[in-house]
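First comes the structure, then the notes that go with it.
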Amino acid sequence: MAYDSETGKLSCPSCGRKDNIEDLNEEFITTTFSQDEAREYQCENCGAVLITDADTTATSCSFCGAGVVLADRLSGELAPAKVIPFTISKEEAMLAFRKWCKNGLLTPQGFMTADRVKKISGMYVPFWMYDLNSKAKVNAVGTKVRTYTRGDYIYTETSFYDIYRDIDLHYVKVPVDASEKMNDELMDKLEPYHYDQLKDFKTPYLAGYLAEKYNYNDQELFSRVKTKVQSFIDSYISSTISGYTTVNYKDKQIDTSKTRSFYVLLPVWMVYYDFNKQEHTFAMNGQTGKVVGKPPISYGKVAAWFSGIAGGAFISLKLLSFMLGGGFW
Amino acid sequence: MKKWIFLSSFILMIFFLPVTWVFAATSTNQIIYDHADLLTEADKTELESIARSVADKRETDFILLTTNNTDGKTIERYTEDFYDETGPGYDKKHGNTAILTIDMGNREVYLSGFYKADEYLDSERLDLIRNKITPYLTNGDYGNAYRIFIETADEYMDYRPGVNPENILFKLWFQVVASIALGVIIVGLMAMNIGGKITVNQRTYMDPNKSRVVQKGDTYIRTTVSKRRKPSENNSRGGGGGGISRGGHSHSGSKGSF
């Protein structure tokens, strides 16, 4: 049985039986966690011995293909609180990826057909979600500048203001990826996820997909989430200070504390694409279909776009100067 | 392919647009009236040939008038009287004429335009030309001052009357630089966004019900006032402008000292 992204239920591809995941009881939760590097598991379907990576929590049996969930790596401390199930199936993901490749304005022609996709795999990536409370105390000097003319002189009147702001900010469910293998920049770009589909975690959601357990705990990632909200806080602060010509910050005290953190699994399609003897990795948000990753750049296309834009701008400027009475040359 | 054909034919079209000049017979009027003996004979011959070729192109005579003594008249009046009495003009007597008057006695310079030159070389444009040639006059390089007067006037007459020919939009270097900058910026942005861009902003994760400004203060401290003199419109030594000669010929003008 494997998780079906369309119905949101466990379904058997052979007999068509569908089980509602919310109704299944949690029998694995008492199993203890062991920190073995690579561990042997037995496939419950065919009995073959599986050896998995230490971080893997769900995979497929390499002999019979049945989905295997390594429950002891999803229990105790390592039990995810929530999960967003896949809403995009493998076929849809492939189609969406092809479409995305076609829209690449600067990618080489051969890349756009997306016919050399080596592998596409659905993966639940571990994330920490933080609820944060930031208190900011800001002191700044603002100026308002007015100029006016009287007689033969131009007067510049600069008024100085002492600005003070005490701000209480709350952020909810800020995600930070907790997997060592995943590129942080790539994962940040996958956001946002829609949290209305955030469900209580049940192991069957993982059936048929790959899943990882976290490598960093919420303490270790706290500094990362702080830098992540830093820019949000800064732009909120500047949005509260308006009407000034210049603002010069003298003192900005920001104290961010965690009110809650929980462990979630978020759905990501990983696409491995061989192009020009190089492997390119892309990630797709398994819920919204947003694709991120660095595709190769065609210098020919860059040159074509550049000359097109620069040439067009040049001709428009010439036309403009002609219409203003300037002549062409 | 089609695009290129369209583009190249368009460019060709542009090329042939300005070829609407009328090639008239070369005038034989006197052009240089060097009463102050500022130029050598060789200079005169060379400058006259430049002046005549531009005159044919613009249907306007570019006259150099120098004197040591304006007989007590202002330089404007002196120039007007010269025009009334001599009656220069490319197309007819008292016709299209631009005059560069140099008075060595008072070290003053006056630029004026009559008829077509009045229209195409208005007082503002003559001011611009005067600012260009004044350094040459100060250095005693009268030949080059006259040559630049002709060349700049020729250039300015390309532009429709009333527009500022020194407008940055008309400068080729600006057009090239702006086009390249636009191309670099747009293609750069495209290349930067090729890997997907961040679509979360400060509001995505904020809880709007609980987030608030607890306390705010905007206290006025002080005001400082600085003043500076309004930049004068004209060159401080300049002034003058156009007028109507006693013979009834209206003209543009720009006067200054050197």
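No lab work stands behind these numbers, since they all come straight from the coordinates. Nothing here was measured: the structure is a model prediction, and the numbers come from that model. Because the Cβ atoms are built from the backbone with ideal geometry, glycine has one as well, and the counts that use them run over all protein chains shown.
The table below lists the values:
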read-out	value
Estimated FRET transfer efficiency (B:ASN68, A:THR246; beta-carbon r; R0 60 Å; 0.05)	0.55
Principal axis dimensions, chain B - Cα atoms, whole angstrom, descending	89, 65, 34
Three-way shape call for region A:213-276 based on the alpha-carbon gyration tensor, with the a/c threshold at 1.5	oblate
Computed [θ] at 222 nm, helices only, for chain A once each DSSP H run of length n ≥ 4 contributes -39500 (n - 2.57)	-6500 deg cm²/dmol
4 °C / 1.567 mPa s Stokes-Einstein diffusion coefficient of the protein assembly as shown, Kirkwood radius on C-alpha pairs, µm²/s	41 µm²/s
Principal-axis tilt of helix B:123-138 within chain B, Cα atoms, nearest 10 degrees	70 degrees
Whichever aspartates and glutamates have a C-alpha closer than 12 Å to that of B:LYS44, once near sequence neighbours (fewer than 8 apart) are set aside	B:ASP34
Region A:242-329: relative contact order in percent, alpha carbon pairs under 8 Å with at least 6 residues between	13 percent
Cα shape, region A:215-329, gyration tensor, a/c 1.5 rule	oblate
FRET efficiency, B:ARG228 to A:GLU220 (Cβ-Cβ, R0 45 Å, nearest 0.05)	0.20
Under the span-like rule (Cα at least 30 Å along the axis, Kyte-Doolittle mean at least 0.5), DSSP H helices of chain A	A:299-323
Charge dipole (debye, nearest 20) of chain B; +1 at Cβ of Lys and Arg, -1 at Cβ of Asp and Glu	2300 debye
FRET efficiency for B:VAL176 and A:ARG150, using Cβ-Cβ distance with R0 set to 60 Å, rounded to 0.05	0.90
Three-way shape label, chain A, alpha-carbon gyration tensor, a/c 1.5	oblate
Hz values of 3J(HN,Hα) by residue in region B:48-54 - Karplus curve (6.51, -1.76, 1.60), Gly and Pro given as x	5, 5, 4, 4, 6, 5, 5
Degrees, to the nearest 10: B:75-86 long Cα axis against longest axis of chain B	50 degrees
Counting all C-alpha pairs of region B:53-149, share separated by more than 15 Å (%)	59 percent
Helical mean residue ellipticity (222 nm; -39500 (n - 2.57) per DSSP H run of 4+; nearest 500) of chain B	-13000 deg cm²/dmol
Greater than 23 Å apart at Cα, pairs in A:LYS135/A:LYS258; A:LYS102/A:LYS199; A:LYS173/B:LYS197; A:LYS118/A:LYS290; A:LYS135/A:LYS226; A:LYS135/B:LYS197	A:LYS102/A:LYS199; A:LYS135/B:LYS197
q = 0.19, 0.28 Å⁻¹, region B:183-236: log10 I(q)/I(0) [Debye, one scatterer per Cα]	-0.84, -1.14
Rounded to 10°, Cα long-axis angle of helix B:2-16 versus longest principal axis of chain B	30 degrees
